[in-house]
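The values are calculated or read from the model by the stated rules, or taken from the named source; none is laboratory data. It should be emphasised that the depicted structure is a prediction, and the values quoted were computed from it without experimental measurement. Here the Cβ is made from the backbone with ideal geometry for all residues, glycine too, and neighbour counts use every protein chain on show. Please note that ligands, DNA and RNA were not included when accessible areas were found on the heavy atoms of the full protein model with its side chains. Shrake-Rupley method; radii C 1.70, N 1.55, O 1.52, S 1.80 Å.
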Amino acid sequence: MKHNRNEVKIKSGRMLLAGDIGGTKTLLGLYDAEAVRPRALLVRSFATLDYDDLPTMIAAFLAGADAPRLPIDYACFGVAGPVLGDSATLTNVPWTVEARRVAAAFHIATVHLLNDLEAMAWSIPVLTESEVHVLQEGIARRGGNVALIAAGTGMGQALLHWVGNRFVPAASEAGHADFAARTDREIALLRDLTARYGRADVEHVVSGRGFLNLHPVVHREPCRAGVDLESPDAAAKISAAALERRCPGCVEVLDMFIDAYGAEAGNLALRAVSTGGLFLGGGIAPKVLPALTNGAFMRAFLAKPPLDDLLAKMPVKIILNAQAGLLGAAVFAAAQC
């Protein structure tokens, strides 16, 4: 998305800087703080580890020939890691992000840091029908809690509570809670993960990293797709081989991933009592949509007697907007104006 700097018009009079800082890539965007849903003026993607820190990346972004030369009024960044005060340390990247440092470097009056799933959660109320895929229509209860679960480089979860006539997201680090094995093959996986890591958390299974952990456990013969687990895109190659049915072992990896994802989504729906709906975010879901829509995910989601009837009434939707985390950060920033 590019605009000539001379053509950019800020209708609201307020410029926002938003960021979605992930373990693999980072999205940065400039937005016009229009009501309800901020309008994107410029968005760029960066490989996170190509930069030493966030200020260096922001400087490169703002120095671009297509970046509007206008003052930034507010900024918000979703960060893949726990946020404590005005700083955050990324879980899978050797970065510490400090809001005060960003504010001082770029003369921004207010800079906020959010957990990345909390930031994505802010986008949910403004998403359109075309930006989601419905797995279960359900009946959303007005004022009911909403839950968000997202598998990507890591695994994250967030809640949205109805407060004062609007949804207010709350962060969590539930991706690092214990993995709950349900079947014999998941118990075998649990033993393998415990032997390797000392414990098994949800992120060890339901994430891009999960594909790499599942692969050696299920392959009783050489991988027919020839996937090199040391390759940076190994997880994508495993899922592609599974969807194309080129390797029985990779098919089993994807099957286990989908089952575990559905089960953990059901766990979150129960913990949150998400009668307003449960959303799947992150980069993996849209890429494995055929596997998510073949019924296995929803069977695992619903297999929670005696509360399966409660779960059957909850809307379940996949977020298709690849920039939902960035949009959510902009929505939060706009709400502070």
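Going through (1) in contact with a Leu (Cβ under 8 Å, 6 or more places away or on another chain); (2) within 18 Å of Ile238 (Cβ to Cβ); (3) open to solvent by 20 Å² or more (accessible area, probe 1.4 Å) one by one, Arg199 falls short only on (2). Of all the criteria given as (1) in contact with a Cys (Cβ under 8 Å, 6 or more places away or on another chain); (2) surrounded by fewer than 16 Cβ atoms within 10 Å (Cβ to Cβ), the one not satisfied by Gly19 is (2). Among the residues of region 114-123, just one is open to solvent by 20 Å² or more (accessible area, probe 1.4 Å) and either among the aromatic types (Phe, Trp, Tyr) or in contact with a Phe, Trp or Tyr (Cβ under 8 Å, 6 or more places away or on another chain) (or both), namely Trp122.
Please go through region 273-289 and pick out each residue that is among the aliphatic types (A, V, I, L, M) and either open to solvent by 10 Å² or more (accessible area, probe 1.4 Å) or on the phi > 0 side of the Ramachandran plot (or both). Hits for region 273-289 are Val273, Ile284, Leu289. Take the conditions (1) within 23 Å of Glu131 (Cα to Cα); (2) surrounded by 22 or more Cβ atoms within 10 Å (Cβ to Cβ); Ala241 misses just one of them, which is (1).
So that you can scan it fast, the table gives a plain yes or no per residue for (1) open to solvent by less than 10 Å² (accessible area, probe 1.4 Å); (2) free of Cβ contacts under 8 Å to residues at least 24 places away in the same chain; (3) of a type outside the set (D, E, K, R):
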{"position": "Val126", "(1), (2), (3)": "no, no, yes"}
{"position": "Glu137", "(1), (2), (3)": "no, no, no"}
{"position": "Trp162", "(1), (2), (3)": "no, no, yes"}
{"position": "Asn165", "(1), (2), (3)": "no, yes, yes"}
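For region 232-256, the set of residues classified as touching a helix residue (DSSP H, G or I) at 6+ places or on another chain (Cβ under 7 Å), aliphatic (A, V, I, L, M) and either over 18 Å from Ala188 (Cα atoms) or in contact (Cβ under 8 Å) with a residue 24 or more places away in the chain (or both) consists of Ala234, Ala235, Ile238, Ala241, Ala242, Leu243, Val253, Leu254, Met256, listed by residue number.
Residue count for region 57-94, restricted to those that are among the acidic types (Asp, Glu) and open to solvent by 40 Å² or more (accessible area, probe 1.4 Å): 2. Remark: pairs (first residue in region 55-79, closer than 11 Å to Ala103 by Cα; second residue among the charged types (D, E, K, R) and part of a helix (DSSP H, G or I); Cβ separation under 8 Å; 6+ apart in sequence or on different chains) = Pro55/Arg101.
Pairs meeting the criteria (first residue in region 294-320 and over 15 Å from Ala147 (Cβ atoms) and free of Cβ contacts under 8 Å to residues at least 24 places away in the same chain, second residue open to solvent by less than 60 Å² (accessible area, probe 1.4 Å) and outside any helix (DSSP H, G or I), beta carbons under 9 Å, at least 6 apart or on different chains) are lacking. Out of curiosity, is Ile108 touching a helix residue (DSSP H, G or I) at 6+ places or on another chain (Cβ under 8 Å), β-branched (Val, Ile, Thr) and either closer than 18 Å to Leu268 by Cβ or open to solvent by 30 Å² or more (accessible area, probe 1.4 Å) (or both)? For Ile108, the condition - touching a helix residue (DSSP H, G or I) at 6+ places or on another chain (Cβ under 8 Å), β-branched (Val, Ile, Thr) and either closer than 18 Å to Leu268 by Cβ or open to solvent by 30 Å² or more (accessible area, probe 1.4 Å) (or both) - is not met.
The set of residues from region 244-258 being under 11 Å from Val206 (Cβ atoms) and open to solvent by 40 Å² or more (accessible area, probe 1.4 Å) is empty. Taking the conditions (1) at pLDDT below 95; (2) at negative phi; (3) open to solvent by 50 Å² or more (accessible area, probe 1.4 Å) in turn, Ser45 satisfies each one other than (1).
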